[in-house]
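Worksheet: one structure, shown below.
Values quoted throughout were computed directly from the atomic coordinates according to the rules given, and no laboratory measurement underlies them. These figures come from a predicted structure and were not determined experimentally. Don't worry about glycine lacking a Cβ; one is built from the backbone with ideal geometry, like all the others, and counts go over all protein chains shown.
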Amino acid sequence: MAESREPDLPLYIRAMDRLYQACLVFAGTIMVLISLFVAWGVYTRYILNQGSFWAEPVSIMLVIQMTFFGAAACYRANGHISIDVFVRPLPEGRPRWLADRLVDILVGIMAFAMTWYGVKLVNTTWLQVYPELQQIRVGIVYMGLPLSGVVTLLFVVERVLYGPRAGIETDY
């Protein structure tokens, strides 16, 4: 349905559409995996009477990834949690648009901080391993923080340059 008008869109928006879809697929796949792993953990603990040592820690690791990449996708779709007690009383048009741009700038600052400090966290924890799973480095799990920060930053740039996307209508 959007294929007919997609070539009319700027390349950056088309790239962000693909990145957004990748975030959705990634987060959705992780949600399915978490459900399977938790079910496996319950089955092994209560049916086999011998709990699976890896199901819970792997599920927790996956929740971290799902949260950060899902949040980036929610921001792009304008589906994130917002407290609009200060924005709603503003008159339609330019004042609301300016308030939304202020939010975008603040999200951009947060995304930059996620990226900057996330890289430092990954470097700090790169050589650490999980006690339950010696083959998984802590830094690999924390890599979701700076990567999702970059993704969110790209979505912020898109929103500032082109406005909100993903079919979500705004008030202005």
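Descriptive notes on the structure:
- Residue 84, sole failed condition from (1) without any contact (Cβ under 8 Å) to a residue 60 or more places away in the chain; (2) in a helix (DSSP H, G or I); (3) more than 20 Å from the chain's Cα centre (by Cα): (2)
- Residue list for segment 100-134, restricted to those being touching a Pro at 6+ places or on another chain (Cβ under 7 Å) and part of a helix (DSSP H, G or I): 114, 115, 118, 119, 122
- Residue in segment 87-97 that is within 21 Å of the chain's Cα centre (by Cα) and in a loop (DSSP other than H, G, I, E, B) present: no
- Residues that are surrounded by 16 or more Cβ atoms within 10 Å (Cβ to Cβ) and aromatic (Phe, Trp, Tyr) within segment 121-136 comprise just one, 130.
- First in segment 36-63 and within 17 Å of residue 131 (Cα to Cα), second anywhere and surrounded by 13 or more Cβ atoms within 10 Å (Cβ to Cβ) and of a type in the set (D, E, K, R), Cβ under 7 Å, 6 or more apart: 51/45
- In segment 132-150, the residues that are among the basic types (Lys, Arg) form Cβ pairs under 9 Å with partners that are assigned to a helix (DSSP H, G or I), at six or more places apart or across chains, as follows: 137/125.
One line per residue, one yes/no per condition, for (1) over 19 Å from residue 104 (Cα atoms); (2) surrounded by 15 or more Cβ atoms within 10 Å (Cβ to Cβ); (3) not acidic (Asp, Glu):
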site	(1), (2), (3)
25	yes, no, yes
39	yes, no, yes
47	yes, no, yes
58	yes, yes, yes
79	no, no, yes
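- Criterion: in contact with a Leu (Cβ under 9 Å, 6 or more places away or on another chain), outside any loop (DSSP other than H, G, I, E, B) and surrounded by 15 or more Cβ atoms within 10 Å (Cβ to Cβ) - qualifying residue of 149, 139: 139
- Being part of a loop (DSSP other than H, G, I, E, B) and touching a helix residue (DSSP H, G or I) at 6+ places or on another chain (Cβ under 6 Å) holds for only one residue in 70, 41, 51, and it is 51.
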